[in-house]
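Worksheet: the structure to be examined is printed underneath.
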Amino acid sequence: MKIQITTLLVFLLSAFNATAQDDRAEPFTIAVLPDTQFYCDTRLKLSSKWGNGDLRRYFFAQTRWVRDNRERLNIAILVHEGDIVQADALEEWAIAKEAMSILDGKVPYCMCLGNHDMGFEKADNKYGGNIGVNRTTQFNKYFPREKFAKRREFGGTFDPDRHDNSWYHFEATGMKFLIVALEYNPRDEVLDWANTIVAEHPDHRVIALTHSYLKGNKTRTTNKLKLKGNNGEQMWQKFVKKHRNIFMVLCGHFSGEAVLTSTGDHGNQVHQVLSDYQGLNNGGESWLRYMVFQPEANKIGIYTYSPALDKFKNGPSSRFDLDYPMALPPFTVPGTTTGDTDKN
C-alpha cells in the first residue's frame, strides 16, 4: 500500500510540474500600433489626398481586432508608438479616445507621444499649421493620468500630474516585463527618470517605447533638434545601452520598416524595431504589428497584419523572428558580438 501511495504521489507531483512548465512556456503576444495620425485627421485634413473621406474606421478596426483576438493570441498588452493624432486638435483626440477605449477592461495598453501629438500652431503654409513646436498637448485631457493610475499594470509617470512619460509592467509565462513610454525626443531630465526606473527593476525585462528613434535605413537618428531633447543616438548613449535588462526599442515616425540589433554595455542584445505605415494607401489601412514571444524557442515572431484588409505582409522586413533568450534571467543574457549587427 505504501509503495502504491508513494508511486501515486510521485506521479501527481510530476504531472503538476509538467503542467507548471507548460504554463510557464506558453507563448504570449504584445500588440503594436504604429502612427494612427491620418485616421484622426480633422484639422489639417491631409488625408483628403486619398479621396476616401473620414479614415477613423481603420483605427477602430485595429483596436477591435486586438480586443477580439486577446484570448487566441494571449495578448498581454498593446503599445502605441506615437503620432496618435494629426495636429493635437480636440476632435482628433476624441476619435483616438473612442478607438482606444475599445480596449478598456479588455487589453492593457500604454501610449507615447509623437511630434504630431504636441505643439500645434497655426501658420500660413500649405498645411495650415506647424506641429511639434513645443510640448503643449491635449493628450492629458483624453488620456488622463488618474484614469490609468487605477490600473494594475500602471507603474508611474515622470510628472505626477501628467501622462506624457509613463511606465507599465506585466507578467507573462513566469517573466516580469516593464515598458517605459517616452515622449518625442525626450528631454535629459526624462531620460534621467527613465534610467532610475529601469535601474530600480533589475528583475524586469524592459522595452523602451518612443516615437522617433530608428530610420528606415537602419540607423538611429542623429539630427539636431529644434525642440529641446534627445535624438535616437543620444537616447542609445544616455539610456538604452546602459542597462543589461533592456532588450528592445519600439518606434515609429519614419515611414517603413527596419530592425537594428546592437550590443549594450553589458553584452546584451537590443533589438530596435521601426514600424510605420502612414505613407501607404489611406494612411495605413489599419496595418499593425504583433509580436509573439515563444519562450521554448527563445524567439520573438514579428507579424505585420491589416485587420481591415485581413491580409499579412510576408516580406523579409515584415515577417521575421528575433532571437531573445527567455530561459535565462535578463541580467545573465550573454553577449554574442560587439558593435551593431543587421537582423533584417
## Note on the structure
Percent antiparallel among DSSP beta bridges confined to the stretch 26-342, nearest 5, equals 65 percent
### Query
Of LYS218/LYS242; LYS215/LYS241; LYS147/LYS313; LYS218/LYS241; LYS106/LYS141; LYS106/LYS150, which pairs sit farther than 25 Å apart, going by alpha carbon to alpha carbon?
LYS147/LYS313
### Task
Specify which labelled value, from (i) 26; (ii) 19; (iii) 15, agrees with percent of Cα pairs over 36 Å apart derived from the coordinates of the model shown.
(ii)
### Query
What is the extension gain from LEU309 to ASP54, computed as 0.36 nm multiplied by their sequence separation minus the C-alpha to C-alpha distance, in nm to one decimal?
90.1 nm
#### Entry: Net charge contributed by nearby residues that have their C-beta within less than 11 Å of LYS313 (K/R +1, D/E -1)
+2
### Message
Give me the one-decimal Kirkwood hydrodynamic radius in Å for the stretch 233-334, with the sum taken over alpha-carbon pairs.
### Response
14.8 Å
### Packing-based ranking, highest mean first, of 291-303, 148-160 given that Cβ atoms within 10 Å are counted
291-303, 148-160
### Helix-only mean residue ellipticity at 222 nm for the chain, each DSSP H run of n ≥ 4 adding -39500 (n - 2.57), per residue, nearest 500
-6500 deg cm²/dmol
### Task
Can you tell me which of 105-114, 90-99, 246-255 comes out highest on packing, and rank the rest after it, using the mean Cβ neighbours within 10 Å?
246-255, 105-114, 90-99
### Query
What order do you get for 135-145, 207-217 when each peptide is scored by the mean count of other beta carbon atoms within 10 Å, highest first?
207-217, 135-145
### Query
Leaving out same-chain residues fewer than 8 places away, which aspartates and glutamates sit with a Cα under 16 Å from that of LYS238?
GLU183, ASP188, GLU189, ASP192, ASP265
### Message
Rounded to whole Å, give me the distance from the Cα center of the stretch 296-320 to that of the stretch 173-220.
### Response
23 Å
### Neighbour-limited loop hits for GluC sites (Glu not before Pro), the stretch 197-272 (at most 11 other Cβ within 10 Å; DSSP other than H, G, I, E, B)
GLU200
## Note on the structure
Once the in-chain neighbours fewer than 8 apart are removed, the aspartates and glutamates whose Cα is under 13 Å from LYS122 read ASP88
### Query
What's the extension gain from GLU71 to ASN223 if we count 0.36 nm per residue and subtract their Cα-Cα distance?
50.5 nm
### Query
Picking from ILE77, THR63, LEU178, whose Cα lies most toward the positive end of the charge dipole for the stretch 26-342 (charges on Cβ: Lys, Arg +1; Asp, Glu -1)?
THR63
### Message
Using Cβ contacts closer than 10 Å as the measure, can you line up TRP236, TRP50 from fewest to most?
### Response
TRP50, TRP236
## Note on the structure
Footprinting proxy, THR304, THR263, THR219, THR196: sorted fewest to most Cβ within 10 Å, the residues are THR196, THR219, THR263, THR304
### Query
Karplus couplings for the stretch 281-290 from phi (6.51 cos²θ - 1.76 cosθ + 1.60, θ = phi - 60°), rounded to Hz, Gly and Pro as x?
3, 6, x, x, 6, 6, 4, 9, 10, 9
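Coordinate-derived values only; no laboratory data. Since we're looking at a predicted model, the values are computed, not measured. Every residue, glycine as well, gets a Cβ built from its backbone with ideal geometry; the counts of neighbours run over all protein chains shown.
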